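Asks: Once you've had a glance at the structure underneath, I'll fire off some questions.
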Amino acid sequence: MTTPGEGRARAPGPADLGPGDAVVLADGDDPAAPSTTSEVAPDGDGGTRRAHRRSTTVLVLIALVALGLRLAYVGAVASHHDIEWDATYYHTAANAIAQGHGYAITCPILDQCTYRPAAFFGPGFSAVLAVASVLGFDSVGAHRVVAALLGALGVFLIGLLARRVAGVRASYVTAVLAAAYLHWIVLEGALMSEALAVPLTVLVLLLGYRALDRPTARRWGLVGFVVGLAALTRGEGVLWLALLVLPGTLGPRSLPWSRRLLCLGAATAACLVVLVPWGIRNTAVAGSFSVLQGNGGVVGGANCDATYTGSDLGGWSCDQTIDVGGERVGVGSSATTEQEWGRIQSERGVAYARAHAGRLPVVVVARELRAFSVLRPTAYEAGERRARPLVAAEIWFVLPVGLAGLVVLRRRRRRVWPLVAPIVLVVVAVALSWGNQRLRVTAEPSLLVGCGVVGAAAWDRLRARSSALTAAPGAEPPAGTPVAATPAGAPLEP
């Protein structure tokens, strides 16, 4: 089966290059145009632009359908359930920002209804929810609608990403899969920060491809800025610097080292512009500079007897209290601060992991299996319980098919390594923390793009087979088959 343009010699495009290559486009080139596998009209730039607009319109319509599905889920399912601890934290902090208290928490997160500066989670998701709160939409239901809007934005962006790397048909398949992807719908309805993490992940990839196509300090600076936002939403987002920015800026052999270092410096500086003010703020309110919050609780909760053996292997279920004046208190106690609680939890978890280093390989494998719903697939911490088996079955399909699609892209000599980077990011983050299924959302956009590639290829194959069957009556008969002569002008028998 051939696709438009196949069978004709063509020069390699930006998407055909590996991490060690770069291409500098002419000023008139549009690096945001669909990749060379896109099904665009062959009648020059005008036809390409029309096809580009048409496919964008289709992606917008798919995103609107995605929004409808998410609002329906909120109204029919999520609204009948209370939000859990993490979501309560985001919601409470968002309203505190809107009311002029800054990034702070109060009851029910705290044991008393006074405001205390918050630092357990990064402020990214709460800051977005605060925009709605400032406008008067400060209820849990209103914030769930904001999360649904973010989910629909993610669907549109992932369609653009798939179009860029795999073509128009793949973008439609990918966007449809993302629109109906239950894992994301459940997390958005549960008011989890993944509602923002998904569109930020896709935006990092889109901007990363754009910077790889035409490496400039400005473009890589924009990538670094969004990486900073991703890190303020989920702490593992800072790994983008090592997995995308570093190889993307230093890898292109065709660029002089001065330009490579300039791009790296721009990306790093832009990321720091986002993260450093947050660290300074934490220093002011807690006396310690830190930009990645909540990790102490993760380390402490994932390293103990209960998570190194038994049914909670690779999970998170350790003691979450610390000793303050002979009394055991949790993170919400007014007797301690989030920073002090996190420090003690982190020291406890690290000490346990070092003392049981021989057990760590087994624990890490269990964490990975749990994160991808292979081990204890329904032991899920967020959202509607009845959806958990479906969410597990979903990743059982998306993981192998998505990886196969990425292999197909690689065989087509497309630039695939940026799509692999978030998968590696998830593997690393899970190994260092615990087997939380929520952590895999950073890898899921890449896997869905891979599924879109497989779906588009299957569709093309079906179309080719259908065309072959349609053309069969006029095909040449096999050699040696007798053919009766038909008098000229005589009607053919049916």
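The values are calculated or read from the model by the stated rules, or taken from the named source; none is laboratory data. Everything quoted here is computed from the prediction, not taken from an experiment. Backbone-built Cβ (ideal geometry, glycine too); neighbour counts: all protein chains shown. Just the protein is used for accessible areas: all its heavy atoms, side chains included, with ligands, DNA and RNA removed. Shrake-Rupley method; radii C 1.70, N 1.55, O 1.52, S 1.80 Å.
Asks: In a solvent-free Debye calculation with one equal scatterer on each Cα, what is log10 I(q)/I(0) for the range 228-357 at q = 0.13, 0.16, 0.21 Å⁻¹, listed in the order of the q values?
Replies: Treating every Cα as an identical point scatterer, log10 I(q)/I(0) equals -0.72, -0.91, -1.16.
Asks: So with the 1.4 Å probe, I'd like the accessible area per residue for the range 308-392, rounded to whole Å².
Replies: Details: 4250 Å² over 85 residues.
In whole numbers, the range 308-392 has 50 Å² accessible per residue.
Asks: Let me ask something else. With only alpha-carbon atoms counted, please give the Rg and Dmax of the range 241-281, in Å.
Replies: Computed over the Cα atoms of the range 241-281, radius of gyration and Dmax are 12.1, 41 Å.
Asks: A further question follows. Counting only the heavy atoms of the protein chains, how much of Y73 is accessible to a 1.4 Å probe, in Å² to the nearest 10?
Replies: Surface open to solvent at Y73 totals about 30 Å².
Asks: What's the extension gain from S467 to Q99 if we count 0.36 nm per residue and subtract their Cα-Cα distance? Please report the intermediate quantities before stating the final value.
Replies: Numbers: separation 368, 0.36 × 368 = 132.48 nm, distance 6.34 nm.
Length gained between S467 and Q99: 126.1 nm.
Asks: Can you work out D for the range 305-432 in µm² s⁻¹ from Stokes-Einstein, where Rh is the Kirkwood radius over C-alpha pairs, the temperature is 10 °C and the viscosity is 1.306 mPa s? The partial results should precede the final answer.
Replies: Working: Rh = 17.6 Å.
Translational D for this selection: 90 µm²/s.
Asks: What is the Cα centroid distance between the range 404-475 and the range 310-357, reported in whole angstrom?
Replies: Taking the Cα centre of each part, the range 404-475 and the range 310-357 sit 40 Å apart.
Asks: Per-residue counts of other Cβ atoms within 10 Å, averaged by peptide: what ranking do you get for 255-267, 139-151, highest first? Walk me through the numbers on the way to the answer.
Replies: Working: 255-267: 17.2, 139-151: 20.7.
Highest mean packing first, the order is 139-151, 255-267.
Asks: Provide the per residue accessible area, probe 1.4 Å, for the range 117-209, rounded to a whole number of square angstrom.
Replies: Numbers: 2170 Å² over 93 residues.
Per residue, the range 117-209 has 23 Å² of solvent-accessible surface.
Asks: Calculate what fraction, in whole %, of the accessible area of the range 272-428 sits on carbon and sulfur atoms when a 1.4 Å probe is rolled over the protein chains. Walk me through the intermediate numbers first.
Replies: On the way: 4800 of 7460 Å².
The nonpolar share, carbon plus sulfur, comes to 64 percent.
Asks: Would you mind giving the three semi-axes, in whole Å and largest first, of the ellipsoid equivalent to the range 103-253 according to its Cα gyration tensor?
Replies: Gyration-tensor ellipsoid for the range 103-253: 31, 21, 11 Å.
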